[in-house]
Amino acid sequence: TAALAIMRRATEDDRGADAMAWLGEIYPKLSRWVDYLYRERDSDGDGLVYIRHPWESGADNSPNWDEALHRIVIHPGDIPPYHRADTHRPGVNPADRPSNWTYDRFVYIVECAKHNGYNETRIRENCRSFLVDDVMFNSILARACLDMASLASRLGLAHDEHRWQALHHLTTNAIMARLYDVEANFFFDLDETTQKSVRERVGLGFLPVFAGIADENDDLATQITSALASPAFCGDASCLAMPSYSTLATNFSTHNYWRGPTWLNINWMLIDGLERWLPTTGA
């Protein structure tokens, strides 16, 4: 997505030749990264890839991870001593950051991956406490495939363009089929360990719009925007930024990281997706 934005801006600034040279260099690297995710993280081939650490989502202490993290029992000697730089910075209130209990489990998951040689097959077998098909991660992946198709087209790589379009279709279909609850009108993560839906209404649940999941489905667009305008998130739809967690949740926090506060990057992705529908949905 960022690479495509750079290409568009470079074209506008009459730097197209330099941009094409850069694209020829960066495209194979981007391709290998996305291919790795589908090859190593989509073990059942359904189009959804899993994350194996909360840090991979960027939403470190989202309520989405609570159940999985509570499955991890840490015994003496399981994790090495570590120092938290984030809570020792001037002006940082530790109450605004993930707890030490949470960080112990973050470190435990890292150690499990390390002890298994960062081999994805072994991690999948031996570190199963945290394997999650995350709505946001898969939405960003689907959008990446859509944008990779555009980049491939610029390079004249017709086969690649069609392959990326097929992967985008595969993942958006899987998001709809496995992560969308029609009755709840919400997208929920899927815990691969238990094969159960993670029933937390987090702001990340709106990000399939970023994937272009309903670009040609006004009914779905309307359903999503109505959920966004609900009291749990934007109330009368006049909010300036979406909270990261339902304001109606009993453990909603106005200050604790991903358990309530708004995040600029998430709102940017939401706006980017909603703008596709603005003429027909009033998003």
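The values are calculated or read from the model by the stated rules, or taken from the named source; none is laboratory data. On a predicted model such as this, the values are computed, not experimentally measured, just so you know. With ideal geometry, Cβ positions are generated from the backbone for all residues, glycine too; neighbour counts draw on all protein chains shown. Remember, those area values only see protein heavy atoms, side chains included, never the ligands or the DNA or RNA. Shrake-Rupley method; radii C 1.70, N 1.55, O 1.52, S 1.80 Å.
Data overview
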quantity	calculated
Zone of N119's modelled label, taken as backbone nitrogen in segment 15-43 under 12 Å from a point 7 Å along Cα→Cβ	none
Helix-only [θ]222 nm of the chain, DSSP H runs n ≥ 4, -39500 (n - 2.57) each, per residue, nearest 500	-14500 deg cm²/dmol
Overall form of segment 175-283 per C-alpha gyration tensor (a/c, 1.5; a/b vs b/c)	oblate
Rounded to whole Hz, the Karplus (6.51, -1.76, 1.60) HN-Hα couplings of segment 52-59, x for glycine and proline	10, 7, x, 4, 5, 7, x, 9
Segment 89-240 - Rg over Rh from alpha carbon coordinates, Kirkwood radius	1.04
Heavy-atom accessible area per residue - segment 139-189, 1.4 Å, Å²	43 Å²
Ordering of 34-43, 73-82 by packing [mean C-beta count within 10 Å, highest first]	34-43, 73-82
R84 versus H162: modelled label distance in nm, points set 7 Å from Cα along the beta carbon direction	5.3 nm
Cα principal axis extents for segment 134-202, largest first, Å	43, 23, 17
J(HN,Hα) series, segment 253-258, from Karplus relation 6.51 cos²θ - 1.76 cosθ + 1.60, nearest Hz, glycine and proline x	10, 7, 9, 8, 6, 9
Accessible-area composition of the chain, carbon plus sulfur, in percent [1.4 Å probe]	54 percent
Simple spin-label estimate for L30 and L155 in nanometres, 7 Å along Cα-Cβ	0.9 nm
Shape call, the chain: gyration tensor on alpha carbons, a/c limit 1.5	oblate
Additional length obtainable on full extension of the chain from C239 to W268, 0.36 nm per residue less Cα span	9.0 nm
Listed peptides 85-97, 200-212 by packing density, highest first (mean Cβ within 10 Å)	200-212, 85-97
Shape category assigned to segment 91-149 from the gyration tensor of Cα positions, a/c cut at 1.5	oblate
Using alpha carbons only: equivalent-ellipsoid semi-axes of segment 172-211, gyration tensor based, whole Å	15, 12, 10
Ordering of 52-64, 9-21 by packing [mean C-beta count within 10 Å, highest first]	52-64, 9-21
Stokes-Einstein D in µm²/s, Kirkwood radius over Cα pairs - segment 1-138 at 25 °C with 0.890 mPa s viscosity	137 µm²/s
